[in-house]
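Quick notes on the structure that follows.
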Amino acid sequence: MTSPSPAVEPDCPVCALHASDPLREAYQIVRHGPWLLRHHPDPAPLAGWLLLDSRRHIGGAADFDALECAGFGSMLQRSSALVRALAGCERVYAIAFGEGARHFHLHLIPRAAAEPASESWRIADLYRSVAAGERAPADPALVGDLVRRARPLAAAWLAADQS
């Protein structure tokens, strides 16, 4: 799959993140065709909380073009399996709201029985409490280690798609 030249919205925080070298170096796991997989930036609510972003500035799945549609299922499956493997969780929640940033970004959230705050809709409370500084975020060193371990695994997808 070739990488498209993504449409960028100047006032979009997700577009700005995609263009930011320090954030790209710290959190980006892989760019694959029309998709970018990254870790949630600091403050990350949980280690392993990934985001699957459209590289093109679009509002949601209703706006996917043919290339985005063709690659979404496999990218979602691979990304979810990666969250499960890296975070050691039992389930992966996939949630897209698009209110904070009107650029399609799908939250892939590790759900582990050992972390009650990651249960069902409690995840929203966890997110808010970390954002408000009421709860400590995931350890940035742990997040960095997870991103470093994720990159070669994701690179293997690209190699498999090339062969």
Under the Karplus relation with 6.51, -1.76 and 1.60 and θ = phi - 60°, whole-Hz ³J(HN,Hα) for segment 70-78, x at Gly and Pro, equal 5, x, 5, x, 5, 5, 5, 5, 5
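What Kirkwood radius, in Å to one decimal, follows from the Cα pairs of segment 54-128? Intermediate results must be reported in sequence, preceding the final value.
On the way: mean 1/r = 0.0738 Å⁻¹.
About 13.5 Å, per the Kirkwood formula over Cα pairs.
Which residues make up the longest stretch of the chain that has no chymotrypsin sites (Phe, Trp or Tyr not before Pro) in a DSSP loop with at most 16 other Cβ atoms within 10 Å? Please list the in-between numbers first.
Numbers: sites that count: PHE97, TRP121.
So the longest stretch without any such site is 1-96.
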Using +1 at the Cβ of each Lys and Arg and -1 at the Cβ of each Asp and Glu in the chain, identify which of ALA156, LEU37, HIS57 lies farthest towards the dipole's positive end. ALA156
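Which longest uninterrupted range of the chain lacks any GluC sites (Glu not before Pro) assigned by DSSP to a loop state (not H, G, I, E or B) and surrounded by at most 10 other Cβ atoms within 10 Å? Walk me through the numbers on the way to the answer.
Values: sites that count: GLU99, GLU134.
Longest site-free region, per DSSP loop and neighbour criteria: 1-98.
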Of ILE95, ILE29, ILE58, how do they rank once you tally other Cβ atoms within 10 Å and put the fewest first? ILE95, ILE58, ILE29
For segment 125-163 and segment 5-55, what is the separation of their Cα centres, given in Å? 11
Run the Debye formula on the Cα coordinates of the chain, all scatterers equal and no solvent, and tell me log10 I(q)/I(0) at q = 0.09 1/Å. -0.28
Tell me, for the chain, which Cys residues have no other cysteine's C-beta sitting closer than 4.7 Å. CYS69, CYS89
For the pair ARG24 and ARG151, the simple spin-label estimate (label points 7 Å beyond Cα toward Cβ) gives in nm 1.3
Rounded to the nearest 10 degrees, the helix 140-162 long axis (Cα) sits at an angle to the longest Cα principal axis of the chain of 30
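Just so you know, all these numbers are worked out from the coordinates, no wet-lab data involved. The shown structure was predicted, so the numbers you read here are calculated from the model rather than taken from an experiment. Quick reminder, even Gly has a Cβ in these numbers, built from the backbone with ideal geometry, and neighbours come from all protein chains shown.
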